[in-house]
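Worksheet: the structure to be examined is printed underneath.
Values quoted throughout were computed directly from the atomic coordinates according to the rules given, and no laboratory measurement underlies them. As the structure is a prediction and not an experimental result, all values here were calculated from the model. When we count neighbours, we look across all protein chains shown, and the Cβ atoms used for this are built from the backbone with ideal geometry, even at glycine.
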Amino acid sequence: MIRVKLRAWTASFRYPTFQSGHQPTLPVPPPSTVQGILSAAKGEPVYLTELPYVGYVFRSEGKGFDLEKIYALGKVETDIMRREFLYNAELYLYLPDEWAEHFRRPRYQLLLGRSSDVATVEEIKEVSLEEREALVGGTVLPVSLGVPGVVHTLVVEYDYSVTPRKARLVRPFVVLPFPRGKAPRLKLPYDEELGVGVYLHRWRE
């Protein structure tokens, strides 16, 4: 297993069904963002359901707000939207070894949300995680685990063989910010450097 560390000055993960003049951000990326990052790194569509596993942990140092001008198709007028973003973001991806070569030389820009949220690869390292009871957060968990938290229905992956893209797999998840104090505990592979357990999603059909 390898761990890929990505860093970006800003990140923004919009609520999938939120329609308003104010657009908050999820505290962690949805699985579809991870799909986009892997696809950009490899240079072709990647489907999480075809991977043996993928895990991720996200953390940031704070929040801020941008004002964005929205141009609607077929309309002359524009709208101003207040968009929340996360500052100084880090995303740790836990992947099979063969992904190291794709992140050493990504084919396209790696994004943590918007086109302006450009991420860089800061580190690629082999890791061996031992299972133990640990704090969990900075990720999304299946609701079937029974962990308390805010539940969102999120896209796991999009079908890129059609235009416009369509959601190929949608699931409910508990969205957990990175733990800074009290947090749920689970028996999971433990990343000693980050001090959290890593949930490995296995969506292979």
* Report, ordered by chain and residue number, the aspartates and glutamates lying within cross-link reach of residue 42, taken as a straight Cα distance under 15 Å and ignoring same-chain residues fewer than 8 apart. => 50, 97, 98, 101
* Structure fact -> Taking Cα atoms, the helix 31-42 axis meets the longest principal axis of the chain at an angle in degrees (rounded to 10) of 90 degrees
* Structure fact -> Once Lys and Arg are counted +1 and Asp and Glu -1 for all other residues with Cβ under 15 Å from that of residue 178, the total becomes +3
* Asked: What does the charge dipole of the stretch 1-126 about its Cα centre add up to, to the nearest 20 debye, if the Cβ of each Lys and Arg holds +1 and the Cβ of each Asp and Glu holds -1?
  -> 200 debye
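Would you mind calculating the relative contact order of the chain from Cα pairs under 8 angstrom and at least 6 residues apart, reporting the percent as a whole number? Each step should come with its number before you reach the end.
Working: 488 pairs, mean separation 62.5, N = 205.
So the answer I get is 30 percent.
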* Cα-based reach from residue 166 at 12 Å (exclusive), listing aspartates and glutamates while leaving out same-chain residues under 8 positions away -> 157
* Is the stretch 108-166 best put as rounded, prolate or oblate by its Cα gyration tensor, with a ≥ b ≥ c the root eigenvalues, rounded for a/c under 1.5, and otherwise prolate when a/b is larger than b/c, oblate when not? -> oblate
* **Estimated FRET transfer efficiency when R0 is 35 angstrom, pair residue 70-residue 185 (beta carbons, to 0.05)** => 0.25
* Net +/- balance of residues flanking residue 167 in space, Cβ distance below 14 Å, scoring K and R +1, D and E -1 -> +2
* Over the Cα atoms of the chain, how large are the radius of gyration and the largest Cα-Cα distance (Dmax), in Å? -> 17.0, 57
* Summed residue charge, Cβ within 12 Å of residue 155's Cβ, Lys/Arg positive, Asp/Glu negative -> +3
